[in-house]
Amino acid sequence: MRYLLATVLSIVTLVGCESTYYSAMEQVGYHKRDIMVDRVEDAKESQQDAQQEFTSALEALSAVTNFNGGELETIYNNINAKYEASEDAAQEVADRIEAIESVSDALFDEWQQELELYSSGNLRRSSEQKLRDTKASYNTMLTTMKKAEQKMQPVLDTLRDNTLYLKHNLNASAIGSLQGEFANLEQDIEYAIQQMNDAIAESDKFLSQLNQQ
């Protein structure tokens, strides 16, 4: 299935239209609901990756604050690499959230329109209630995801500031300046990780609700 999805995606990329992608996927039995589930799973993974990258960057800076000799340029290169990896991970989270919003808009619009096709009032009302419940759960999940995403930016800003400062001050006195920043950074990263954990928990709840329908 992964190979099939990749093949279809590569074809649709040439067209550059999301609706065309959804139509093509439906032709092979893969519907918007399935795509949403996959994208939520992907977002969870990207948040877990971001947690690891932020933690790794914190550990690298911690090593600097405990510096007692060595090659500062090597230490800077390591910290810079950790910062860039954290930045890439945060961008991946943002991209995954955007992808979820895209497919959810298409799915909910389609669901709403197809309510008019029912001849059975009971089935229509049941489907309409499920749509409302799914939207409510989705909105809670999305709000939590975006809140976690927003908490990443202060971390990235501090990581960038520390990285730039060390880049232009490769001396022992720079270490003392960074030590004063470390406590705040540690707190920001711990808070961002907690927000990501909350978003992952909401993702699990949303997926569980979808599976029960």
Revision key, fill the gap. The simple spin-label model distance between E190 and E59, using points 7 Å out along Cα→Cβ, in nm, is 1.8
Revision key, fill the gap. On the formula 1/(1 + (r/R0)^6), with r taken between the Cβ atoms of L115 and D95 and R0 of 25 Å, the FRET efficiency rounded to 0.05 is 0.20
Study note, to complete from the structure: Once both label points are put 7 Å beyond Cα along the C-beta direction, the A201-E73 separation in nm becomes 4.8
Review point. If we sort 111-121, 21-31 on the protection proxy, mean other Cβ atoms within 10 Å, highest first, what's the order?
Key: 21-31, 111-121
Exercise for review: May I ask you to list the residues of segment 57-99 whose amide nitrogen lies under 14 Å from a point 7 Å from Cα along the Cα→beta-carbon direction of N169?
Suggested key: 65
Review point. In deg cm²/dmol, rounded to 500, what helix-only [θ] at 222 nm does the chain give when every DSSP H run of at least 4 residues adds -39500 (n - 2.57) and the total is split over its residues?
Key: -32500 deg cm²/dmol
Review point. Against the longest principal axis of the chain, how steep is helix 172-212, in degrees 0 to 90 to the nearest 10, with axes from Cα atoms?
Key: 10
Practice item. Relative to the longest principal axis of the C-alpha atoms of the chain, give the angle of the C-alpha long axis of helix 72-114, reported between 0 and 90° and rounded to the nearest 10°. Key: 10
Exercise for review: Find how many whole Å separate the alpha carbon centroid of segment 85-154 from the alpha carbon centroid of segment 193-213.
Suggested key: 12
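Bear in mind these aren't lab numbers, they're just calculated from the coordinates by the rules spelled out. Small disclaimer: the values here were computed from a predicted structure and weren't measured. No Cβ is skipped: glycine too gets one built from the backbone with ideal geometry, and neighbour counts run over all protein chains shown.
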